[in-house]
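In what follows, a structure is listed as structure tokens, so that the remarks can point back to it.
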Amino acid sequence: MSSSVERRSNPTAWAAFWVALAGLVLMPIPLFIGLILGGGLSIVAAVLVVIALLKGLARSGKGIAPVVFAAIFIALTWGGISVGGGTLW
């Protein structure tokens, strides 16, 4: 691989994507387990989203798509938690 070839992917964005997806999948587990697992992972993903967004914007927007999807997953997780996901049966 040539040194002049620029990497197009944003590994932090992909990490945010997968962590946010795991938080969304684990959030519906009842008895506060989903609240702790899903909520905790979504907070970690939110931090990763901010870092990945700053990295992506510094590289003129390359690798922003996983950040957008991660932000959507985070919003869905927080919305699910706000209506009782992870706490109720």
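The values are calculated or read from the model by the stated rules, or taken from the named source; none is laboratory data. Just so it is clear, the structure is predicted and the values come from calculations on it, not from any experiment. Cβ coordinates were reconstructed from backbone atoms using ideal geometry, including for glycine residues, and neighbour counts include every protein chain displayed.
Taking the chain as the region of interest, the helices (runs of 4 or more DSSP H) fully inside it that hold 3 or more residues being modelled with pLDDT under 95, more than 16 Å from the chain's Cα centre (by Cα) and surrounded by fewer than 16 Cβ atoms within 10 Å (Cβ to Cβ) are 33-58. Does Gly39 meet the test of being touching a residue at least 40 places away in the same chain (Cβ under 8 Å) and small (Gly, Ala, Ser)? For Gly39, the condition - touching a residue at least 40 places away in the same chain (Cβ under 8 Å) and small (Gly, Ala, Ser) - is met. Close Cβ contacts (under 9 Å, 6 or more residues apart or on different chains) running from residues in segment 55-77 that are free of Cβ contacts under 8 Å to residues at least 12 places away in the same chain to residues that are assigned to a loop (DSSP other than H, G, I, E, B) and among the hydrophobic types (A, V, I, L, M, F, W, C) comprise Leu57/Ile64.
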